[in-house]
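S.K.: Below is one structure. I have some questions about it.
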Amino acid sequence: MKIPVSWLLTYLEKPLSTEKISEVLTLAGIEVEKIELSSLSFTNVVVGAVLHAEPHPQADNLQIATVFDGKEKFQVVCGAKNCREGLIVAFAKIGATLHDENQKKFTIKKTKIRGVESDGMLCAGGELGLTEENDAILELPKDTPIGIDLSELYQDPILDISLTPNLGHCMSVIGIAREISALCEIPIRLPKVKVIENSSEKTKDLIEIEVKDSKAAPRYSCRISKNIKVGPSPDWLKKALTSSGHS
């Protein structure tokens, strides 16, 4: 099981070094096989801000964006529909390397698109190997520092943990965080979940449950959840899952 250290630390009230976490877990019988950095499939991509975006005079489906990298302004032609003023984006400068849908490496070059020069590229998450999205440029949180290398946001120490069958309680990020909390006497910080119960409805009126063997299953409990909103995962979760090897 692979766990990004940054994700693990969000559940602990006190920061610990990667080495300390590894040492504590190993002494407790939870083997950390190795510590590795999350692999990234891009280079020379920085955090940029879209200062202005206007329609391309020669193409209805393109926009001309003015992008600021913290030092200079660049003109970039972009075809993504979500390109707009105020976005914080992943900006691939000239010379940056990315991978296409077939994982073939390519280099960003200065080019002309319908007669307008483009000094780089605004990247989709799929082009960076961070998400599966290729049709829209990656939108970074508004408080992301402009100009830093994007790898600083996504390269994270990863704990590769080997678990034995008797450690089922550790088969989650929160499970490992609980162990560290107990071993190091550090308060754990769990997510706050608010459940609104509808007292006018009873579970037994909505679903029928039959226990065929009361000895094997002397008790069965269930809860029905409604009005669950299905949508894109938040940025922090996308980053954590990508670092864990899930895309």
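The values are calculated or read from the model by the stated rules, or taken from the named source; none is laboratory data. Here the structure is a predicted model, which means the values were calculated and not measured. Neighbour counts are summed over all protein chains in view; Cβ atoms, including those assigned to glycine, are modelled from backbone coordinates with ideal geometry.
S.K.: Report every pair of residues separated by at least 6 positions or lying on different chains whose Cβ atoms are under 6 Å apart, first residue within the range 224-247 and within 15 Å of V173 (Cβ to Cβ), second surrounded by 10 or more Cβ atoms within 10 Å (Cβ to Cβ) and of a type in the set (D, E, K, R).
M.R.: The qualifying pairs are S243/D156; S244/K2; G245/K2.
S.K.: Continuing with the same structure: So which pairs qualify, if the first residue must be in the range 31-51 and touching a residue at least 24 places away in the same chain (Cβ under 8 Å), the second must be assigned to a strand (DSSP E or B) and among the aromatic types (F, W, Y), the Cβ gap must be under 8 Å, and the two must be at least 6 apart or on different chains?
M.R.: As it stands, the answer is V45/F91; V46/F91; V47/F91; G48/F68; G48/F74; G48/F91; A49/F68; L51/F68, since those pairs meet every condition given.
S.K.: Only residues that are part of a loop (DSSP other than H, G, I, E, B) and under 22 Å from H169 (Cβ atoms): list them for the range 181-217, please. If you could, list the steps in order and put the result at the bottom.
M.R.: Pass one, the range 181-217, residues part of a loop (DSSP other than H, G, I, E, B): 185-187, 189-202, 207-217.
Selection gives E185, I186, P187, R189, L190, P191, K192, V193, A217.
S.K.: Spot the failing condition for G29; the list is (1) part of a loop (DSSP other than H, G, I, E, B); (2) farther than 26 Å from T144 by Cα; (3) touching a strand residue (DSSP E or B) at 6+ places or on another chain (Cβ under 9 Å), and only one is missed.
M.R.: Going through the list (1) part of a loop (DSSP other than H, G, I, E, B); (2) farther than 26 Å from T144 by Cα; (3) touching a strand residue (DSSP E or B) at 6+ places or on another chain (Cβ under 9 Å), G29 breaks only (3).
S.K.: Which condition number in (1) surrounded by fewer than 10 Cβ atoms within 10 Å (Cβ to Cβ); (2) under 29 Å from E133 (Cβ atoms) is the one that D205 fails?
M.R.: If we test D205 against (1) surrounded by fewer than 10 Cβ atoms within 10 Å (Cβ to Cβ); (2) under 29 Å from E133 (Cβ atoms), just (2) comes out false.
S.K.: Identify, from the list S221, S200, S151, S225, the residue that is of a type in the set (S, T, Y) and touching a Leu at 6+ places or on another chain (Cβ under 9 Å).
M.R.: That would be S151, the only listed residue that is of a type in the set (S, T, Y) and touching a Leu at 6+ places or on another chain (Cβ under 9 Å).
S.K.: Considering only residues that are of a type in the set (V, I, T) and either within 16 Å of T18 (Cα to Cα) or at pLDDT below 90 (or both), look in the range 146-166 and name the one that is surrounded by the fewest Cβ atoms within 10 Å (Cβ to Cβ). Outline the logic, then answer.
M.R.: Filtering the range 146-166 down to residues of a type in the set (V, I, T) leaves 146, 148, 158, 161, 164.
Next cut, either within 16 Å of T18 (Cα to Cα) or at pLDDT below 90 (or both) only: 158, 161, 164.
Details: I158: 22, I161: 20, T164: 10.
It comes out as T164.
S.K.: Something else now. Looking only at the range 167-187, which residues are aliphatic (A, V, I, L, M), over 15 Å from L9 (Cβ atoms) and surrounded by 16 or more Cβ atoms within 10 Å (Cβ to Cβ)?
M.R.: Across the range 167-187, the qualifying residue is only L167.
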